[in-house]
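I have placed the structure first, in the form of C-alpha cells, so that the comments after it can refer back to it.
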Amino acid sequence: MFSRILKRGKPEFWKAYTGHFKEKLPQDLHAVRFVVFDTETTGLDVRKDRLLSIGALSVFHLKIDVGDSLELYVKQEVFNAGTVGIHGILKEGGLLKLAEEEAIITFLGYIKNSVLVAHHAAFDIAMINESLARMGLPKLKNKVLDTGVLFKKTTLCENKENRHSLDQLCAIFKLRQHDRHTAAGDAFLTGLVFLKIVSNLSRSGKLKVSDLFFNSERRGLL
Amino acid sequence: MKNTIAQRIYDFLKDFPPFNSLEEGQLMTICEQVKIGYYEVDDYVFEKDEGLHDAFYVVKDGAIGIFRDGNILVDKCDEGDIFGLRALIRQSDYRLSAKAIEESIVYAISSSLLEKYITSNVDASKFIIASFASNNLNPHLKREKGRLYSLEGEFSQDTDHLAYIQTVTHRKSPVICQEDTQIGTAAVTMTEKKVGSIIITKDNRPKGIITDKDLRTKIATGKFSISDKVSQIMSSPVITVSENISIAEAQITMLRNKITHLCITKDGTVESKLVGVLSEHDLVVAQSNNPSFLIKEVKRALTAENLRNVSQKAQDLMHRYLVQHIPVSFVSKIISAINEAITEKVIELSLDEMSVQPPTTFTWLSLGSQGREEQLLLTDQDNALVFADVPAEQFDETKSYFLKLAHLITEKLNVVGFEYCPAEMMANNPKWCLSLSEWKNQFKDWITRPDEDKIMLSTIFFDYNRVYGDVHLVDQMTESIFQSIDRYSIFLNFLAMNAIKNPPPLSFFRQFLVEHSGEHKDLFDIKARAMMPLVDAARVLVLSQNIKDHNNTLKRFEKLSELEPQNKELYNACMDAFKILLRFRTVEGLKHKDSGRFIDLKSLSKSNRLKLKGCFGSIKDIQELIKVRFNLAQMM
C-alpha cells in the first residue's frame, strides 16, 4: 500500500492537510485555533518506540472546546511491557484501536493548520514525524508552542534554567490532577496550563500570536 | 469513542442540580460539548450590556462575582453554581456583569443543549423555575450548593427581581443616644420613636447598638437595672456598611454576622459619621415590595395594551409564587393590588378620553371575588359605579356621562383581559350605574323585600371594594346597608339560608359530588360546591356581627375568630380550607388556562384528592353553625 502511495506522489489526505496552510495565521489570539495535544508512547526512543495514544483538544476564542477534541488509541506491533505500568494501555486492551496509519490520518485531518501546543512538545512532534516518515511523508508543517518554554516567559517562573515537568506546572497553577499519564488527561491539563500562561502573559498588555513564538522558535524541534 | 475529558466533566456536573436530574446519556452528551474557560481575578466572563453569549456557565473552580453598576457585588457563585442562564432564557443582553473574584475555571454550556436536555426535563426545569423564584424570596435557602444565580438577565424594570439588587432604603434619621444615657431613658426614647433599636454614638460615630432583644435578655431578666448605663449592655462594635448597599449584600452581611441591624455610615466604616440604620425588617419590606415594579409599570402605561402586558406579567409572577409555595393569602393580596392598580389606571385613561370633567364625584366599585380581593386568575369583570346625588334637572345628563365613562372603562378592562360579565353585572349597565340615593333605595329594597334573586344580588353587591373615587360615597352606602339590616334582621336569615343551599360536596358514600349534566359533566365545580359555601358563610356571619370594612373571606374569618374565641378552631379550619381551595383553583386554572372552576377529579393525585376532601369537613361544620345560629331549621 505504501509503495502505491509513493508511486502516485502524495496521498489525498496529505494534500488536504497541506492545503490548509495557504491561509495566513491570524494575529488575534482569539481567532487562532490551537490544538493542545499529548501522546503516550511505548517508550522514549523516538526511533524504536511507537505511539500508543494521542489525546488532543482545541482551544478557540481562548476556551477549551471539549466538543472539538480527539482521543485515539493505536494498535501495536512494537510493544514495550515496561511502560504499561505508567500509561495503562495494554497491547490488546478493550479500547477501539486504530492502525498507526489511520491514527495519523485522523490526527492530520483534525489539526489542520492549527498551532500545536504540547508540554515538552519536541518529543511528541518527533514521534508524529517519525510515524509520518514511516508512511513516506514529510514532517508536520504546523507552528508549535511548548508550554514548558512558554512558562519561562511568565512572571511565575523563578528559575529560567530549570525544566518544569507538567506535574510541577500543575502544582504552580494549583490544578487538580486527573487522569495523569493518559494522553487525553495530560492534554487537558496542558490545555489549562496553556490558558493560564496566556492569561499571565496578557497582563502586560495585549498579547499577539507572534509574541508567543518570539524567542522560542529558535530552539527548534529536537 | 472514549472521551476522558468529557468523563471528568460528567463526574463533576452529575452532583449538581439541574444536571443531577438528567439521564446519564443526556448529561454525557452535554459534557462532550462543554467549553472550558480560564479567568484570572478581575477578568470578565461577560459584561453588563454585552450581547448575549450562546452559552450559560457553571463554575468549576474558583469564584465568579455577579456585579451591578460596575462594582457592587450582588452575588458570588462558586463550585457548581450556575450563572448567565436568565439572560439566555429571556434572550436579552446581560444586565449585570460576571467577573472572576478568584482565579476560576468555568464551563460554558451551549444554549442549544439547554433547550434540548434541560428545559425539556421536568425536574431540571422545575429546579430552574424554583431557583428563579427563590432568588429573591427565599434567600436563606440560597447557601445550598448548586444554586442558580443567573440574576443578571432578569433585571429589567418589569420584574420583582430588581428589588433584590436595588439599593435598600434605610431609616435616614437613626434614633441615637450617648454612652452615658441610662437604659431606662433609652427605652423610653425607643418607645416614643416606635423603633426596635437605638444606636449609641460618640462624636456622631456609631459605638454600639441596643435592640429590643437586649432589653428582653438583659433587663427583663434582671441582669442589669434600668438605671445602668447603655454602654453596659450595648453590642459593640457595630457592623457598618456604606449607603448604597444592595439587598443581597445586606442580607449576606446580616447572615454572616448573625445580626439583624446594620449601621450605615458615610464611608461604610465604624470611623465615619452615622447616617442610618438598616434592619432585617427593612429588608423584608423591600422584598415584599417587589411587585411594586409591576405597579410602577402600570402607572407608566399609556394604553390598555400596555396594561395587558403588565397583567400577563402579574400572572407569570403568580405562577412562580405558587410553584414556590408562597402562602396563597399573600399571593392573592399582591395580585389583587396589581389588578386594582390596573383598574385605576384604566379609569384614569378613560377619564382622559372624556372631553369634559365628571359633573360630580363618583366611585368605581369592584364586586364579587374582585371586591373580596380573592381574584387570582383573570376572570369576568364585575363592577358598579355610584355617583353623588345631583339636582333632578341634571340627573339625566349626569347619568349618561357616567354610563359613557363606564362604557370606556369596561371596554378597556376587556382589552386588559377581564372578560365582560355574561350577566352584565357591570357599571356600563344602567342598572348598576346609579346615584347614591338610588343605591341606598336599591339595597333597602333587597334587604326589606328579599327574594331569591335579590339575595343573589346581595351576595355579589355586598362584597364591594372601592377601586377609584370618593370614599364618602362608599361609606354612606355601607352605612345604609347596616341600617337597613338593623331594621330588617330577618334578611340575615335569608342570607343564611342562601349560604347553606349548597351542601358539603360529598355524597352519602363520601364520594365527590360532580356535575351530572351539561358541558361540565363529571367535573367537580370547586367554586360553587366548595368555595362559595365558605364565602357565603363568612359574609352572613360578618354582617350579623355588624363588622364593616371586611370584605375578604380570610379576613372575615380572622375577625370572626377574634370575636368568637369559642369558635376559633372552626373559623381557623375554614380559613385553611379556603386557602387550599383557592390554591387548587388557581393552579388548575393556570394549568388549563381557564377560570379553574371545574376540576377533573381523575387528574388529581390521591393525596390532592384527600386534601380536597379534607376541606369539606369545615364546610359541613360551618353550615351547621349557621343553621343553629339563624334558626334555619324552622325556616326549612
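General remarks:
- Taking residues in segment A:14-37 that are over 21 Å from A:Gly191 (Cβ atoms), and partners anywhere that are open to solvent by 50 Å² or more (accessible area, probe 1.4 Å) and assigned to a strand (DSSP E or B), the pairs with Cβ atoms closer than 6 Å and at least 6 places apart or on different chains are A:Gln27/A:Lys208.
- The residue that is farthest from the chain's Cα centre (by Cα), among those in segment B:1-21 that are of a type outside the set (Ser, Thr, Tyr) and open to solvent by less than 20 Å² (accessible area, probe 1.4 Å), is B:Ile5.
- Within segment B:30-51, no residue that is within 8 Å of another protein chain (Cβ to nearest Cβ) sits with its Cβ atom under 7 Å from a residue that is in a loop (DSSP other than H, G, I, E, B) and open to solvent by less than 20 Å² (accessible area, probe 1.4 Å) at 6+ positions apart or across chains.
- Counted as qualifying within segment B:410-505 are the helices (runs of 4 or more DSSP H) with 2 or more residues that are in contact (Cβ under 8 Å) with a residue 60 or more places away in the chain and of a type in the set (Val, Ile, Thr), namely B:452-461, B:471-487.
- When segment B:465-504 is filtered for residues that are open to solvent by less than 20 Å² (accessible area, probe 1.4 Å), within 31 Å of the chain's Cα centre (by Cα) and of a type outside the set (Val, Ile, Thr), the ones remaining, listed by number, are B:Leu473, B:Met477, B:Ala499.
- All positions within segment B:400-416 that are among the charged types (D, E, K, R) and under 29 Å from the mean Cα position of the chain (by Cα): B:Glu411, B:Lys412
Yes/no per residue for (1) modelled with pLDDT of 70 or more; (2) aliphatic (A, V, I, L, M):
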| site | (1), (2) |
| --- | --- |
| B:Thr265 | yes, no |
| B:Ser288 | no, no |
| B:His325 | no, no |
| B:Ala341 | yes, yes |
| B:Glu344 | yes, no |
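- Qualifying residue in segment B:537-552 (condition: closer than 26 Å to B:Ser332 by Cα, open to solvent by 20 Å² or more (accessible area, probe 1.4 Å), touching a His at 6+ places or on another chain (Cβ under 9 Å) and modelled with pLDDT of 90 or more): no
- Test result for A:Val209, open to solvent by less than 20 Å² (accessible area, probe 1.4 Å), more than 14 Å from chain B (Cβ to nearest Cβ) and under 29 Å from B:Tyr107 (Cα atoms): yes
- Failed item, numbered, when B:Ile335 is tested on (1) modelled with pLDDT of 85 or more; (2) in a helix (DSSP H, G or I); (3) assigned by TED's automatic domain parsing to the domain that holds B:Glu411: (1)
- Restricting attention to segment B:593-613, the residues that are part of a helix (DSSP H, G or I), among the basic types (Lys, Arg) and in contact with a helix residue (DSSP H, G or I) (Cβ under 9 Å, 6 or more places away or on another chain) total 2.
- Of all residue pairs spaced 6 or more apart or on separate chains, those with beta-carbon atoms under 7 Å, a first member in segment B:591-603 that is modelled with pLDDT under 80 and a second member that is open to solvent by 70 Å² or more (accessible area, probe 1.4 Å) are B:Leu601/B:Arg609.
- Which listed residue, of A:Ser204, A:Ser131, A:Ser165, is among the hydroxyl-bearing types (Ser, Thr, Tyr) and either in contact (Cβ under 8 Å) with a residue 60 or more places away in the chain or under 27 Å from A:Tyr17 (Cβ atoms) (or both): A:Ser131
- Scanning segment A:176-188 for residues that are without any contact (Cβ under 8 Å) to a residue 40 or more places away in the chain and touching a Leu at 6+ places or on another chain (Cβ under 9 Å) yields A:Gln177, A:His178, A:Asp179, A:Arg180.
- Just one of the listed residues (B:Tyr401, B:Tyr420) is surrounded by fewer than 16 Cβ atoms within 10 Å (Cβ to Cβ) and among the aromatic types (Phe, Trp, Tyr), and it is B:Tyr420.
- Residues that are assigned to a helix (DSSP H, G or I), small (Gly, Ala, Ser) and either within 12 Å of chain B (Cβ to nearest Cβ) or in contact with a Lys or Arg (Cβ under 6 Å, 6 or more places away or on another chain) (or both) do not occur anywhere in segment A:171-180.
- Any pair with Cβ under 6 angstrom, 6 or more apart, that starts in segment B:522-549 at a residue that is within 23 Å of B:Leu365 (Cα to Cα) and ends at one that is open to solvent by less than 10 Å² (accessible area, probe 1.4 Å) and among the hydroxyl-bearing types (Ser, Thr, Tyr): B:Val535/B:Thr553; B:Ala538/B:Thr553
- Enumerated strands (runs of 3 or more DSSP E) restricted to segment B:22-124, each holding at least 1 residues that are open to solvent by 70 Å² or more (accessible area, probe 1.4 Å) and more than 22 Å from B:Phe12 (Cβ to Cβ): B:44-46
- In segment A:114-124, the residues that are part of a loop (DSSP other than H, G, I, E, B) and buried (at least 20 other Cβ atoms within 10 Å of the Cβ): A:Ser114, A:His119
- Only one of the listed residues (B:Lys194, B:Lys202) is of a type outside the set (S, T, N, Q) and at positive phi. That residue is B:Lys194.
The values are calculated or read from the model by the stated rules, or taken from the named source; none is laboratory data. Bear in mind the structure is a predicted one, so any value in this text is a computation, not a measurement. All Cβ positions, glycine included, derive from the backbone under ideal geometry; neighbour counts span all protein chains shown. Side chains are part of the model used for accessible areas, which takes the heavy atoms of the whole protein and leaves out ligands, DNA and RNA. Shrake-Rupley method; radii C 1.70, N 1.55, O 1.52, S 1.80 Å.
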